[in-house]
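Working notes for the structure below.
Coordinate-derived values only; no laboratory data. This structure is a prediction, so every number in the text was calculated from the model and none was measured. Every residue, glycine as well, gets a Cβ built from its backbone with ideal geometry; the counts of neighbours run over all protein chains shown.
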């Protein structure tokens, strides 16, 4: 029987690339997103191009109460779960508007923790499975332009690290992915430097390979590891004066 | 955010806002009443998809259904032919009609009503469309076909995006047994012989001729006629039996060449070599469809050889009766001017008489001219000749024709404009071309 991959937050560009990548390697897919209508075209497209079964299910990361039932009712229990959803949000607005701020924290941290707790408990029992969390390099150091997003991602990174530690003995693998700039809708109107910007397809390739090789933490593009090393090493006294 | 946008010939270049979308309702919600025009992969050679606001359709590229038994496919308009080929060829199907590049979108194929080497047998792309949905200027999503909302259908095929945005297209595919083409090349000493050969070989599904526009005297219009048929299983060797879509790019032109690289002498030298490589009168071969249909696609960014100034494509068709005299007249003018065309392609169209589509029965010639002083005036002169012979210019390759020539040479222009007006009463879809040719009031 073919393996199944569950993609949470399946309407993003990165999810589409991941679905194609895992589909082309024979995984059947479960695509989950808030708006299922947006998924129907994707469903047929991936079934036709990648020749795999695709199920679509509604999933709302912010509706914590629904998560148990969501996981209980999905048509196929997944071998790989990829948590892609996230929200960059509007930093300036969120500084004075709690609702916007909470939405960023919920989407990037609380919602992800809630659903992955459920997945982790199931996989721990079965003693198999892979959990992939898409975090961000923005979680490595807070900066004024996006520290709500960044701090939520920092929390998510720490969560994934703890989860990996816990699940190691039961044979469940946890992969933390830290993308830098990725050419997606999320940053449609932001100009990013070419050599540091990955295409969704490259990110999906990197993630698939990391799952196969059971890597723990990856940066994509890989160069971000060195960029972030440099950024993390800037003394706080200097860093706080920078316009970042 | 304003972006610089141009089409394949780098002329003209304009600054535009870009709207992109993934889902049908998303597009409607992003349109704010500003005039705009759909823009696919930017492979046309003119200003048909240029406007101060453009809708980038490339993200809208999903395949919605594929009946592998009947060969009927439905896809969203932003998908590239190259992506479609990868899906359909391994299942034993091919595009019913394809132009000389696979890097165009299906929406573009409809808006240009593209033709291919099989026009004399299979007509243009519109002939194979079962139905399509269009987001019209009045904001309605309408299904149209040759039977349903036929006016909208015919004004959208070859209509350069002026009725609205093509959203999804259902069309029939062509059955193939292998991914190879049985190719036959026949050398023609001159234009007269080339035209005789075209007529003699009209039973071939695919036919086109490379023509040397700079040769004078006895070899005036010397050509190589290239013919093809899809190869059957028993016609290919064992290793070629598997159906494969090949998508290898061999070479990419890394930068814009300096403008002096292409001149009369380098083009003459190229033509001499190209003609001489066929050392026999008739040469047969079995070749992969990719090389047969898309020879230039293997050189990514080949448009850069024309340099920063860009180039102009010029493609016209002449009625069959007038073709010989007309072609001679035009080729002689090109000769005299020494306006070397690096790529010149001659093809005999079959009958077609649609609302606004380009093809009509007769010879069509496609030429590339590097942009240089005096060229636009020269092309205006050619326009007059084409019009005098009862021919017309292909809108997808046009960035400069005067409006008066368009109105003289497209007999249904008035009806077309009226239908467009009906579906886009408030001029929501406007391009530089529609302004230039006065297609909208």
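What does the average come to when, for each residue of peptide A:203-211, you count the partner chain Cβ atoms lying within 10 Å of its Cβ?
Per residue, the number of nearby Cβ atoms from other chains is 0 on average.
Which order do the peptides B:71-79, B:409-417, A:199-207, A:226-234 take when ranked by the mean count of other beta-carbon atoms within 10 Å per residue, highest first?
Taking the mean over residues of other Cβ atoms within 10 Å, the ranking is B:71-79, A:199-207, B:409-417, A:226-234.
Compute the relative contact order of region A:120-244 as a whole-number percentage, counting only Cα pairs closer than 8 Å that sit 6 or more residues apart in sequence.
Computed over region A:120-244, the figure is 27 percent.
Taking only the alpha-carbon positions of region B:1-147 and ignoring solvent, what does the Debye formula give for the base-10 log of I(q)/I(0) at q = 0.15, 0.17, 0.20 Å⁻¹?
With one equal scatterer per Cα and no solvent, log10 I(q)/I(0) is -0.82, -1.05, -1.37.
Please work out the Cα center distance from region A:173-244 to region A:66-110, rounded to the nearest Å.
Spelled out, the Cα-based centre of one part sits 20 Å from the other.
Sorted by mean Cβ packing within 10 Å, highest first, what order do the peptides A:175-186, B:360-371 take?
Put in order of decreasing packing, that is B:360-371, A:175-186.
Of the peptides B:37-44, A:159-166, B:422-429, how do they stack up when ordered by the mean number of other Cβ atoms within 10 Å, highest first?
Ranked by mean Cβ neighbours within 10 Å, highest first: B:37-44, B:422-429, A:159-166.
Taking only DSSP H segments of four or more residues, each worth -39500 (n - 2.57), what value at 222 nm results for the protein assembly as shown once the sum is divided by all its residues, to the nearest 500 deg cm²/dmol? Can you show the working numbers first?
Details: 23 runs with 222 residues, N = 685.
Here the helix-only value at 222 nm equals -9500 deg cm²/dmol.
For chain B, what proportion of DSSP beta bridges, expressed in % and rounded to the nearest 5, is antiparallel?
DSSP beta bridges in chain B are roughly 85 percent antiparallel.
If every alpha-carbon in region B:371-418 counts as one equal scatterer, what log10 I(q)/I(0) does Debye give at q = 0.23, 0.26 1/Å?
-0.85, -1.03
Suppose we look only past 13 Å in the calculated P(r) of region A:127-177. What percent of the Cα-Cα pairs does that tail hold?
Roughly 55 percent, rounded to a whole number.
Helix A:40-50 versus the longest principal axis of chain A: what is the Cα-based angle in degrees, 0 to 90, to the nearest 10?
70
Provide the descending list of Cα extents for chain B along its principal axes, expressed in whole angstroms.
Largest first, chain B extends 60, 54, 43 Å along its Cα principal axes.
Count, for each residue of A:41-50, the Cβ atoms from other chains sitting within 10 Å of its Cβ, then give me the mean as a whole number.
6
Please work out how much length the chain gains when fully extended from residue A:233 to residue A:126, using 0.36 nm per residue of separation minus the C-alpha to C-alpha distance, in nm with one decimal.
34.4 nm
Projected area of region B:268-377, taken from the Cα convex hull and averaged over every viewing direction, in nm²? Please list the in-between numbers first.
Numbers: hull surface 38.5 nm².
With every direction weighted equally, the projected area is 9.6 nm².
Roughly how large, in nm² to one decimal, is the mean projection of the convex hull of the alpha-carbon atoms in region B:392-432?
Reported value for the Cα convex hull: 3.2 nm².
Using only the alpha-carbon atoms, how far is helix A:200-212 inclined from the longest principal axis of chain A? Give it as 0 to 90 degrees, nearest 10.
With rounding to tens, the tilt is 70 degrees.
Can you give the translational diffusion coefficient of region A:186-226 in µm²/s, computed by Stokes-Einstein from the Kirkwood radius over Cα pairs at 20 °C and 1.002 mPa s?
Once the numbers are plugged in, D ends up at 189 µm²/s.
Starting from the Cα of residue B:146, move 7 Å in the Cα-to-Cβ direction to define the label point; list residues of region B:92-129 whose amide nitrogen is under 12 Å from there.
Zone members listed by number: B:123-129.
If I take the Cα coordinates of region B:122-180 and project them onto the principal axes, what are the three extents in Å, biggest first?
So the three principal-axis extents are 45, 20, 18 Å.
Within 10 Å of each Cβ of B:22-29, how many other protein chain Cβ atoms are there on average?
Mean shielding by partner chains, rounded to a whole number: 3.
Quick one: if the Förster radius is 60 Å, what FRET efficiency do residue A:96 and residue B:86 give, using the C-beta to C-beta distance and rounding to 0.05?
0.75
If each residue's Cβ is checked for other Cβ atoms within 10 Å, how do B:407, A:98, B:210 rank with the fewest at the top? If you can, show how the numbers build up before the last one.
Values: B:407 15, A:98 9, B:210 20.
By the 10 Å Cβ count, ascending, the order reads A:98, B:407, B:210.
Could you tell me how many cubic angstrom of Cα convex hull volume region A:126-244 has per residue?
Convex hull volume per residue, Cα atoms: 119 Å³.
With contacts defined as alpha carbon pairs under 8 Å and 6 or more residues apart, what's the relative contact order of chain A in percent?
Details: 427 pairs, mean separation 43.0, N = 244.
The normalised contact order for chain A reaches 18 percent.
Hey, any idea what the orientation-averaged projected area of the convex hull of the protein assembly as shown's Cα atoms comes to, in nm²?
Hull-based average projected area comes out at 33.5 nm².
Hey, how many Å between the Cα centroid of region B:376-414 and the Cα centroid of region B:1-67?
So the separation of the two Cα centres works out to 26 Å.
In region A:8-132, how does Rg compare with the Kirkwood Rh, expressed as the Rg/Rh ratio over alpha carbon atoms?
Here the Rg-to-Rh quotient is 0.99.
Can you pull the Rg over Rh of chain A, Cα-only, Kirkwood?
Across chain A, the Cα-based Rg/Rh ratio is 0.96.
From zero up to wherever the largest Cα-Cα distance of region A:71-166 sits, split into 10 Å bins and tell me the percent of pairs in each.
Calculated P(r), rounded to whole percents: 16, 44, 26, 12, 1.
Only Cα pairs under 8 Å and at least 6 apart count here; give the relative contact order of chain B as a rounded whole percent. Can you show the working numbers first?
On the way: 1001 pairs, mean separation 83.1, N = 441.
Reported relative contact order: 19 percent.
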